[in-house]
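*Asks:* What follows is a structure written as structure tokens; I'll ask about it next.
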Amino acid sequence: MTADELAEEAIRKGPHVVFENIKVLARASEAKYQKIREKLKQTTDVNLNGLAAARREAAERLEEQKKKAAKQKKRRAFEDEGVPFVQVNANRPSREVVDEACSAVKEFNDPPEIFRRGREIVRVKIPEDGRPAFENVGKAGFDDLLSRSANFAEETEDGFKHTDLPRRLTSRVRARVEIPQLKAVSQVPVLRPDGSVFRGPGYDEETKVLCRPEGDVPPVPESPTGHELRRATKLLSEPFCDFPFVDQASKANLFAAVLTPVLRPLLSGANVPLFIFDATKQGTGKTLLADAVGLVSTGQVPAKMSAPAGEAEWRKQVTAQLRRGQPIVTVDNVKGRISSSALERALTSETFGDRLLGQSRQLDLPADVLWIATGNNLRPEGEMTRRSVLVRMDAGMVRPWERSGFEHPNLREWIRARRGTLVAAGLTLVRAWIDAGRPTPSEEQLGSFERWAEVAGGVLGHAGIEGFLENLEELHGTAGGEERRWSRLLKAIRAWARQKEGAPKKNTDSPAVFTAKELAGDLKSAGSSRGDGPPGSANGPVGKIKEALPEELQARLRDGNPIARSLGKRLGNRRGQRFTGGWYVRREGRGRQGTRWAVCKGEPSASSGGDSSNGRSSTSPSGEGSRPSGSPTSDRSPGDRFPGDRSPSGSPAGDGASSGRAPADHSSTDQSPASGSP
């Protein structure tokens, strides 16, 4: 109805018709309204003031409806972009905004591309080296994720406009949003706890592993026959036929290292020990062996690091490697001994807690790395001894790096070319054990690693691979080296302290009292030579003390760092403990320069327990030293071999060392530079 038609209708039926259709006049122009108003004034008794007020109210309502329609149109435009619309306004409850934002992120992250790992939110990156690594999603990265997950808009008088979620709400979304937990990234099919195999690609909720397979892996039989099991065992041993293992135990332990990354989902977070790949001489093949383990079990050469000089650097390195999420890390070419409280903690903890460098933020990282340490005559020290498994090699040659005639001259490329079949072989061994009812092994167990020893030992035993953990005594025998070291250290400290006191030499059994601060001062000021000069000189007992100090303290001295506090802690940790020759240390109270220590010889009294001042009990005495470690080549038996070991002619043979066919390493730290073959 037009304005003119409304006027005619009002003349015929009365003024009420105008008020019932006031929207018509509200839409009319001002000139048209004035013309109709005049006409109605002359022909009807309409209340002109009431008409003007009604028209004004109707016009305001129409304007509001127009604005509302425009807002709805803009909102539909936001929603038509394919992501959820989240309205952000100061007068809207924040919980509603946070809930909608969380739902948007969850929907956007399906299938998942970001994950929670400990307290961090991470994404997976594959750098040029091909090893998947975790990358932390910081504040900027999470803001970008939010902006892609939803359209956040603020309502204005003219409609809606794009805006960012306020920081106070962003932090709440980050804390509350449901993001899948990620334990690992695998480039090979993943074994589930029930024995089924997840081939990917994608995220497996059951194992919390992101599977990004590379290459074809043959089908794995659900119930392997005896023939299939023997064939898989022989195939899995083939990459290692050229290595000169000293005994069957080293071979079996090597098999356990290969299978451990595959077995992770069956361990339910249980700890895994340190594998020590040890050899009598350089160039025997330790680093190459570690690379081969990584290539067979994960498809990638393990990440490598050098052994840090001090405990602080150890902690930083362990944290950095765990943050990267590498399945295997090789501590390469360790000199002499390996000892680190940070690494010990990582080996026996399901999660590793540490403070982020330069920040107050605490990290809780899954400690699911297989650690391998390589070295010549490498020995664990202290608590590391019971956290280690030994794989030892001896080529029986003066120059192992000059060997030739290998079965697989370019071992790394040989493994890469057969990666799929080798992975399937490892999975077959585990599936056969599961199908057999998961029989419990009869082999020796390993404290703190019982679940790992049970699963790995069960798989190896069912496959007929004998010798698992049977060389533990050899490895533990090396702990006697630390006993002897502390015996030498305490003996030298007493000689130094007694000379400073001016005590007569004939009274050699009386205690010698000192403080860590006094000893650290003399160690810092003296040289490194040995001799029988004054106690604080380079030719005095200080030189002998320096030689017997733990490597970490020696390194701190060389770098000019203070050692008094660290030395005091080590003395406190070992007070009352009896070392070779009956030497022990006890606490004599406190003096002006700190705690006073006494070096004694004989049995600690039952009342003192290593403390003359307070009578508290201390660590129980340890046993005395044992024979030097290391098995000579002559200890090997011709029967100690992998299934599939063979002589150069192809016939079955004994240990690789006896035929001179053992590979040299070809990585940067333990290899023969003249050849690209093993």
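*Asks:* Give the separation of the Cα centroids, the stretch 148-195 to the stretch 228-301, in Å.
*Replies:* 40
*Asks:* May I have the count of lysine pairs in the stretch 3-79 with C-alpha atoms under 28 Å apart, counting pairs 8 or more residues apart or located on different chains?
*Replies:* Going through the stretch 3-79 pair by pair, I get 21.
*Asks:* In whole Å, how far is the Cα centre of the stretch 112-130 from that of the stretch 454-470?
*Replies:* 34
*Asks:* Can you bin the stretch 264-342 into rounded, prolate or oblate? Criterion: square roots of the alpha carbon gyration tensor eigenvalues sorted a ≥ b ≥ c, rounded for a/c under 1.5, prolate for a/b above b/c, oblate for the rest.
*Replies:* oblate
*Asks:* Report for the stretch 85-182 the percent antiparallel among DSSP-assigned beta bridges with both residues inside it, nearest 5.
*Replies:* Close to 75 percent.
*Asks:* Moving on. Given the peptides 557-570, 257-270, 275-288, 580-593, arrange them by the average over their residues of other C-beta atoms within 10 Å, most packed first.
*Replies:* Highest mean packing first, the order is 275-288, 257-270, 580-593, 557-570.
*Asks:* Order these peptides, 42-51, 485-494, 510-519, by their mean beta-carbon neighbour count within 10 angstrom, highest first.
*Replies:* 485-494, 510-519, 42-51
*Asks:* What net charge do the residues around SER29 carry, taking every other residue with its C-beta under 13 Å from that of SER29, with Lys and Arg at +1 and Asp and Glu at -1?
*Replies:* +3
*Asks:* Right, another one. Sort 26-34, 401-409, 248-256, 231-239 by the packing proxy (mean of other Cβ within 10 Å over each peptide's residues), most packed first.
*Replies:* The densest-packed peptide leads the list: 248-256, 231-239, 401-409, 26-34.
*Asks:* Within a Cβ distance under 14 Å of ARG556, other residues only, what is the Lys/Arg minus Asp/Glu net charge?
*Replies:* Overall, the nearby charge balance is +1.
*Asks:* Give me the net charge of GLY591's neighbourhood, meaning all other residues with Cβ under 13 Å from the Cβ of GLY591; Lys, Arg count +1, Asp, Glu -1.
*Replies:* So the surrounding residues net to +3.
Values in this text are rule-based calculations from the coordinates and carry no lab data. The structure presented is a predicted model; accordingly, all values stated were derived computationally and were not measured. Here Cβ is always computed from backbone atoms with ideal geometry, including for glycine, and neighbour counts include all displayed protein chains.
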